[in-house]
Structures are given as structure tokens and as C-alpha cells.
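To start, the structure itself, in C-alpha cells.
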Amino acid sequence: MFSVFKKLSWYFKEQWLRYTVAIIALMMVNLLELLPPKIIGLAIDEIQYQTLTNGRLAELILWLMGVILMSYLLSFFWDYTLFGRSILLERRLRSNLMGHFLRMTPRFFGHYRTGDLMARSTNDLKAIMMTAGYGILTLVDSTVFMSFIIVMMFFTISAKLTLAALIPLPIMAYIIHKYGRRIHTRFRKAQQSFSDLNNYTLESVKGVRVTRAFVQEREDEKRFADMTEDVYQKNADVAKVDAFFEPTINVLVGLSYTIGIGYGAVMVFNQQISFGDLVSFNVYLGMLIWPMIAVGDLINVMQRGNASIDRVENILDQEPDVHDPPKPKVIDVPEKIEFKDVSFQYPDTESHQIRNMNLTINRGQTIGIVGKTGSGKTTLMKQLLRQYEPPEGQVLINGIDIQDFSLDQTRAWIGYVPQDHMLFSKTIRENLLFGSEPKTDDEIYQMLEQVDLKEDLNQFPQGLDTLVGESGVTLSGGQKQRVSLARALLMDPEILILDDTLSAVDGKTEATIISHLKDERKGKTTIISAHRLSAVKHAEEIIVLDQGRIIERGTHEDLIKQNGWYKTQYEIQQMGEV
């Protein structure tokens, strides 16, 4: 159970001074809280023996007020310090998780669903925060405070009465241990169920258009209801065990009270203790209720925190497929890109998506990549993005293996426009300037004109400051493609990769964009993958892929003369445009 503290030891070592001060302050409060019952007992005895004077009463009241004031000040201090550290831990872990997500590669996100990652970044971190704050409080109060009370009862009132009243404690310890094991197992299941619900909700909201198009609203509601019921049942299972803690403790504390009052009354009659001692003893027994409840809460919080930190550490232990080299090499400009006998297959697949690829791209060239669906076009371009483990063969830049450069440097050269255009739920301006230096409105409008989006922008109510909605939901497919393209062009990258970027625009718009690209990209490298051959017709070299191999290569005119796949496909597309 306490292994959770070992797992968080790195943080406790880092914050040892603040935790130490907070715990000392908490223990001082615990000691101060032992004084009022004793003062009350003394007052009762002096009343019984008629020795209480006005001066003595005032003295006792001043002592009580002083204890209350000191307890208040110290309580504020330890509460602020202790729970402030736990909130800081949550922030640190959330930042670590976010940084980890940004370093991870597609393989990781293929294994972990977005909803699951969100659950671990929210609910699980809350459980860990509780462990580092409330868990420390219950640990101190269930051990130190309980020990202080027992010692006070044992040495200042009666050892025999104390031992008799504490007989139920071992029974309680055994029962709570059993409850704790059940809590751990059930809480893990509840958190996993919540992750599944989180993921389903995310997918359902993002896919609401498809759901409506296929008239699946009722089925979607039913599936959601089934999943929420599952989450409810699993959390109810946790709550059932949790609900046993307090009644069990209350019954055992009640038994202690019964023993304390019964045996204590006998001892008063036998003049073994005074009536004031009996009152103080029963007040101390009442004070034991919280430490005993704290024992149950401690077990509960520890087991939840243990389950949650295991889930978070499972994420943080994952390593990205690609790392920076120990001593990265640096060059100013990528003058030449070479693929030498490059073969690659995605993790968990049985065949290669690229086979024995040989290709040279010089700075300033425009290269077109075409072929059937699944022929390896996107996979080839991703070798420059270094999202997966290094391929077989070599990818060289200026004669240096790309793996010898830092990830930041290689990715800083590249402007990438993927097939699935990701826009953020921000304004058009913020989406356009994502990743680039600040630009004036004139520079932005000039770029929008080059991607033929300026006229569309005039139709938006707030122009550049128009919100695009979740994932750009307010924009059409063609508009999203052109915003993504403009975003990449505003970076003015050395290498521009367009992965079927113009598929959602009409032929006239495509021709306008290609014309501007030819003018703007002079002296810089452009790689274009496309299904519409008109998008690559102007390229200095076009390669045709089939099952990961180059089956044709050359200029547009060369490929027409070869009477192969390219010519056949070009003629089919030309007939479709007539």
C-alpha cells in the first residue's frame, strides 16, 4: 500500500524542506489539541473538590484561548504548505505528461487512445494529488496523532483503562486492510472504464456529422448509456467498499467508548481515577474517532493513488521510437537529399511499405510522387519527418545520415501539410501563424492570395479573427486545405512537403495555387504527393510508386512517352475533366 510514497519519493526529496516544516507544524497542532481535554478535566476536579477560584478559572480560560489561537495559526500554515505542495505535484505531472505526449511518435498514439490519455491526465492526476496532500495528512493523524492521544491517556490517566479501551484496534486494522485491497482492484477497473467512456465521448462528438448522416443517433445514445452505466456500476463497486469504512470504524469506536465508560466508572467508584480524569479520558476517546477514520481514509487514498500512479507511470515509461543523437551534427541548409536503398515497414505490419528506394532531390527541385492508393507515397515522405524507427538503408542530407541530426533541426527545415488537415479551435489568424514568426496583415493577405483563399476570407464575418470551431468545423474541406497550405508557406521552409494537399479544391483553384507555388518556391525544395496528376505536372521529376517501388520516373513529358501507368492515369483524368 505505501509503495505509492516510494514511487513519489523523487518529489518528496525535492520538496523535503516544505514537507518537513508542514509535518512538524501539523504535529505541533496535534500536541496542542491534547491540552484542552486535560484542562477541562482539571477544572472539573477543582469544581468537585471546591478548590476552583475566580483567578484559577481565568487562568484556565486564558490557557484554552492561547491553545486555540496557536492551533489556528499553525493549522493555517500546515494546511497551506502541505496542500500547496500537492497542487504543485499535480501541475508538474501534468506538464511532464504534456511534454511526453509531444515527444512521442505515431506508434504510441496508435496504442493509446486519446480518451484514455485524457483520463490519465485528469482523474488519475487528481488521485495522485490527493495522495501527496490528504494522504500525508491522514498518515500523520492516523499514526502520530493517534500515538499522542494514546500516550496521553496511558501515562496521565490510567494504563489499564487505556489498554482495555483499545482492544478493538487490532480488529479494525485487520478489517481495514481487507477493505484496502478491494478498493485498489475496483478503483483500477473504474478508472479504465472512465477512460473508455472518455474516448467514446470524444469520438462521438468529433464524428457527430457521420452519426447523423447514417441516422445512428439512437444507437449512439444507447451505446453511450451502456458505457455510462458501466462506469456507474464500477464506481458504485468502489463506493460500496468505501461505505464500509466509516460504519466499521464507528462501531469499533463505539465499542471502545462502552469499555472506557463502563470500566472507567468502576475505577472512579474504586477511587483509582478521579471524575475529571474519566471526563478527560472520554474526550480523548472522542478525539480518537478522527485518527481511526483517518486510517480508513489513508488506506482508501493510498490505494487510489497507487492505482493512478501506476497508470501514469505506464505512460511516462514509454519511450519514443526516435531519439536525438548524443552529438548532433549541424548544417546551415539542406542542399541535397538522398534515399539510398531505403526500405521501411510500419510497426506491427508484416510487409514493407517501401522497398529498395533510391532517390536524389537537389535543393530548388520540385519532386512529384504519384501512384495507386497504398503504394507508399505518404510513407516515403514521412522518412524525412522521422516519426518512426530508422528505416533500412540510409536517408542522407548533404551526405550526412539524417539520424545524425537533432529532431528539432530536421523538422525546422520542413513545412508539412498532411492529408488530414488539423486546425485548432482558434481564429483563422492564429491557425495561420501557428509555427511561424509574427506577420503583418499585409503579409498574411498576400499569402492567402497565393493559395486562393482571400476571396473566401472576405465572406467570413470577422475576417482573420473568425473562429473556425472544433477542428475547423466551420470551414469546407477545400478551405481547410488552403489554410493548412498557407500555414506551411508562412513558415517559408527549406523543404515543403504537400501530401495530397489539393484534393478538395477545384481544377481552377489548383492551377492558381500551383502557379504561385512555382514562383514562390524558387531555390527551395518542394515534394508533392498527389492523386490528381495535374498537381505534379510541373515538377522537374515525377516518380510513380507501386507497392513501395519506383516503377516509372521522369518529367511529365518523359512519362507520357513511356506508355505506362502514368500515361493511362493521365488520360483517364483528362477525360474526366472534359
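Each value in this text was obtained by applying a stated rule to the coordinates, not by laboratory testing. Model, not experiment: these values are computed from the prediction. Reconstructed Cβ throughout: ideal geometry from the backbone, glycine too, with neighbour counts over all protein chains shown.
Structure summary
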{"read-out": "Degrees, to the nearest 10: 217-269 long Cα axis against longest axis of the chain", "value": "20 degrees"}
{"read-out": "Distance between modelled label sites at Lys327 and Lys518, nm, 7 Å Cα→Cβ extension", "value": "4.7 nm"}
{"read-out": "In order through the stretch 39-53: 3J(HN,Hα) via Karplus (6.51 cos²θ - 1.76 cosθ + 1.60), integer Hz, x for Gly, Pro", "value": "5, 5, x, 4, 4, 5, 5, 5, 5, 4, 8, 6, 10, 7, 9"}
{"read-out": "Filtered trypsin sites (Lys or Arg not before Pro), the stretch 475-573: DSSP coil and at most 14 other beta carbons within 10 Å", "value": "Lys522"}
{"read-out": "Entries of Lys329/Lys522; Lys178/Lys234; Lys426/Lys537; Lys480/Lys508 with Cα pairs more than 25 Å apart", "value": "Lys329/Lys522; Lys426/Lys537"}
{"read-out": "C-alpha long axis of helix 289-316 to longest principal axis of the chain, angle in °", "value": "20 degrees"}
{"read-out": "Using alpha-carbon coordinates, inclination of helix 114-132 to the longest axis of the chain, degrees", "value": "30 degrees"}
{"read-out": "Mean Cα-pair separation over length for the stretch 81-316, i.e. relative contact order, pairs under 8 Å, 6 or more apart, %", "value": "38 percent"}
{"read-out": "The stretch 21-118: relative contact order as a whole-number percent, Cα under 8 Å and 6+ apart", "value": "42 percent"}
{"read-out": "The chain - mean residue ellipticity at 222 nm from DSSP helices (-39,500 (n - 2.57) per run, n ≥ 4, rounded to 500)", "value": "-20500 deg cm²/dmol"}
{"read-out": "Cut-off under 5 Å, modelled amide H: who pairs with Asp546 long-range", "value": "Ile551"}
{"read-out": "Under 14 Å from Lys561, Cα to Cα: aspartates and glutamates that are on another chain or at least 8 residues apart", "value": "Glu552, Glu571"}
{"read-out": "Integer Hz, Karplus 6.51/-1.76/1.60 couplings in order for the stretch 327-340, x for Gly and Pro", "value": "10, x, 8, 10, 9, 7, 9, x, 7, 8, 10, 10, 9, 10"}
{"read-out": "Förster radius 35 Å - calculated FRET efficiency between Thr20 and Arg103, Cβ distance, rounded to 0.05", "value": "0.55"}
{"read-out": "The stretch 40-90: chymotrypsin sites (Phe, Trp or Tyr not before Pro) in DSSP coil with no more than 12 other Cβ atoms inside 10 Å", "value": "Tyr49"}
{"read-out": "Cβ-defined net charge surrounding Pro390, 10 Å radius [Lys, Arg +1; Asp, Glu -1]", "value": "-3"}
{"read-out": "Rounded to whole Hz, the Karplus (6.51, -1.76, 1.60) HN-Hα couplings of the stretch 95-111, x for glycine and proline", "value": "5, 4, 5, 5, x, 5, 4, 5, 8, 6, 9, x, 4, 4, 6, x, 8"}
{"read-out": "Which label in (1) 69; (2) 52; (3) 64 gives the computed percent of Cα pairs over 29 Å apart", "value": "(1)"}
